[in-house]
1. When the stretch 7-40 is examined, which residues are found to be within 23 Å of Pro69 (Cβ to Cβ) and surrounded by fewer than 15 Cβ atoms within 10 Å (Cβ to Cβ)?
2. Residues in the stretch 69-76: is at least one in contact with a Phe, Trp or Tyr (Cβ under 8 Å, 6 or more places away or on another chain) and either at pLDDT below 95 or among the charged types (D, E, K, R) (or both)?
3. Residues being part of a strand (DSSP E or B) and over 21 Å from Glu73 (Cβ atoms): count how many of those fall in the stretch 14-59.
4. For the list (1) in a loop (DSSP other than H, G, I, E, B); (2) of a type outside the set (Val, Ile, Thr); (3) at pLDDT below 95; (4) loosely packed, with under 11 Cβ neighbours inside 10 Å, I need the number of the one condition that Gly63 fails.
Amino acid sequence: MQAHILNYRIIIQPDTETGTEKPGYTATCPTLGIAADGDTIEDALANIKSLVRFHLKCLKEEGEEIPEPDRVEELVTNMQVEFPYV
């Protein structure tokens, strides 16, 4: 079976765990209307990737239409710069 690469926009934001206020991150995929969390950015990304795969699999099994991938024309990220004179 041939694999297809689908690009969906993922937004990661700092968040806190409900009830414990433990810091972490939430990753959302607006196109699919799903979200996952994690203790680190890497955890949140891994969790949302697994959830996207599961969600698409469920849509396919139920005969639902797979949402069109996002047109990814930009990449927004954060960068840490060490600057000793602050």
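The values are calculated or read from the model by the stated rules, or taken from the named source; none is laboratory data. Keep in mind the model is a prediction, meaning the values are calculated, not measured. Glycine also receives a Cβ, built like all others from the backbone with ideal geometry; neighbour counts cover every protein chain displayed.
1. Asn7, Ile11, Gln13, Pro30, Gly33
2. Initial filter on the stretch 69-76 (in contact with a Phe, Trp or Tyr (Cβ under 8 Å, 6 or more places away or on another chain)): 69-70.
Narrowing the set further to residues that are either at pLDDT below 95 or among the charged types (D, E, K, R) (or both) leaves 69-70.
The answer is yes, given that some residue of the stretch 69-76 is in contact with a Phe, Trp or Tyr (Cβ under 8 Å, 6 or more places away or on another chain) and either at pLDDT below 95 or among the charged types (D, E, K, R) (or both).
3. The initial filter retains those residues of the stretch 14-59 that are part of a strand (DSSP E or B), namely 14-16, 23-29, 34-38.
Filter once more, so that each one left must be over 21 Å from Glu73 (Cβ atoms): 14-16, 23-26, 34-38.
Selection size over the stretch 14-59: 12.
4. (3)
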